[in-house]
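Have a look at the structure below, then the notes.
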Amino acid sequence: TKSPTLVPTFCGNVHFTSSGRKAFSSLLKLINFERNQELLIPAYVGFTDREGSGVLDPIEENSVTYNFYPVKKNFSIDLKILEDLISLNSTRAVLIIHYFGMLHCDILKIKRLCEIHNTLLIEDCCHTIYSKYDDTNLGDFGDFSFYSLHKVLPVQTGGFFKINNKSYCDIDIVIRDQCSADALEIFLKYDGIKAKKQVCSNYEYMCRGLKDIGGLEILHPELSGEIFPMNLPVFISKISREDFYFKMIDSGVTLISLYYRLIDSIDIGSFPISHQIASEIINFPINQDITFEEMDEIIKITKRILEA
């Protein structure tokens, strides 16, 4: 019998790794930045003492020079400022982060800007796998994209990256930190459509419960039908976000804040809006496992704290 041999023709350029940050690091090695070339990244990157920074650590590990572009309060991007930065001869690539699994920018215009200036576009999809825009998956617009399995699926580890730029498809790639077989199996079996329906229903339910509470602003009160959110981000203004966070813990509810702490190179003088976001943002759970009863309790506690 004849065995198939045309691997590149029928296999997509998807490469699995042990984590999203390993996937990003692999992409940076693949691009092979020269000493005088920069990577533009958004001025909203966090870190923790325990986990470090999933964005900055791979950049520093690969000795890539980076610079920032600003983000607005709603995480959108000023295209004029971005183009001014891209037009500098030192810009090799631009990183777009799809925070919370959502699309905050005009990805088509940014893609066009990068094409005009012969600049590579990288999409950070670590907060999403299944979100779409204009019937196209986030991660399919740029030259490259990378993902984190454990932030979206019920697995402990795993990540992958995609190569969309055909100029890089034939380069030999060695993955030293492979994705586990268990994570791959769950990824292949996972019913993303069913999970998305439940998560979006939870998002809408939580929004309805939170929207009239004073001192709280929902970043996106309504979702596009193609978005699969990781959580529900809000801004706390009536009391300090820290006070709110710890009062919620005292009431038995632990929330996350992406990101309460920014990397040191994002200074408040140059990027005050980024620091304002970091001081006010907190993220409510809307994952597929949470029940309406649990969300009702979270909403009730939030109302009691903010309207006291």
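I need every pair where a residue in segment 185-201 that is under 19 Å from His150 (Cβ atoms) has its Cβ under 8 Å from the Cβ of a residue that is β-branched (Val, Ile, Thr), sequence separation at least 6 or different chains.
Partner pairs satisfying both residue conditions: Ile186/Val155; Phe187/Val155; Gly192/Ile129; Val199/Ile286.
Are any residues in segment 20-50 over 19 Å from Phe160 (Cα atoms) and without any contact (Cβ under 8 Å) to a residue 12 or more places away in the chain, and if so, which ones?
Listed by number, the residues that qualify are Asp49, Arg50.
Taking the condition of being free of Cβ contacts under 8 Å to residues at least 24 places away in the same chain, part of a loop (DSSP other than H, G, I, E, B) and open to solvent by 70 Å² or more (accessible area, probe 1.4 Å), how many residues in segment 262-288 meet it?
Within segment 262-288, residues that are free of Cβ contacts under 8 Å to residues at least 24 places away in the same chain, part of a loop (DSSP other than H, G, I, E, B) and open to solvent by 70 Å² or more (accessible area, probe 1.4 Å) number 2.
Right, Ser251: open to solvent by 10 Å² or more (accessible area, probe 1.4 Å), touching a strand residue (DSSP E or B) at 6+ places or on another chain (Cβ under 8 Å) and in contact (Cβ under 8 Å) with a residue 12 or more places away in the chain or not? Don't jump to the end; show me each part of the working.
Working: open to solvent by 10 Å² or more (accessible area, probe 1.4 Å): yes; touching a strand residue (DSSP E or B) at 6+ places or on another chain (Cβ under 8 Å): no; in contact (Cβ under 8 Å) with a residue 12 or more places away in the chain: yes.
So Ser251 fails the test.
Hey, among the residues in segment 20-40 that are under 15 Å from Glu61 (Cα atoms) and of a type in the set (S, T, N, Q), which one's most open to solvent (accessible area, probe 1.4 Å)?
If we take residues in segment 20-40 being under 15 Å from Glu61 (Cα atoms) and of a type in the set (S, T, N, Q), then Asn32 is most open to solvent (accessible area, probe 1.4 Å).
I'd like the full set of residues that are surrounded by fewer than 20 Cβ atoms within 10 Å (Cβ to Cβ), out of contact with any strand residue (DSSP E or B) (no Cβ under 8 Å at 6 or more places or on another chain) and either of a type in the set (Phe, Trp, Tyr) or not in a helix (DSSP H, G or I) (or both), limited to segment 152-180.
Leu153, Pro154, Val155, Gln156, Thr157, Asp170, Ile171, Asp172, Val174, Arg176, Ser180
Name the one entry in Asn118, Asn74 that is within 23 Å of Tyr259 (Cα to Cα), open to solvent by 40 Å² or more (accessible area, probe 1.4 Å), out of contact with any helix residue (DSSP H, G or I) (no Cβ under 7 Å at 6 or more places or on another chain) and outside any helix (DSSP H, G or I). So that I can check it myself, show each step before the final result.
Details: Asn118 fails: within 23 Å of Tyr259 (Cα to Cα).
One residue alone meets the criteria, Asn74.
In the list Ser270, Ser274, Ser240, which residue meets the criterion of being at pLDDT 95 or above, out of contact with any Leu (no Cβ under 9 Å at 6 or more places or on another chain) and farther than 21 Å from Ile298 by Cβ?
Criteria check complete, one pass: Ser270.
The values are calculated or read from the model by the stated rules, or taken from the named source; none is laboratory data. The structure displayed is predicted, hence computed values, not measured ones. Quick reminder, even Gly has a Cβ in these numbers, built from the backbone with ideal geometry, and neighbours come from all protein chains shown. Please note that ligands, DNA and RNA were not included when accessible areas were found on the heavy atoms of the full protein model with its side chains. Shrake-Rupley method; radii C 1.70, N 1.55, O 1.52, S 1.80 Å.
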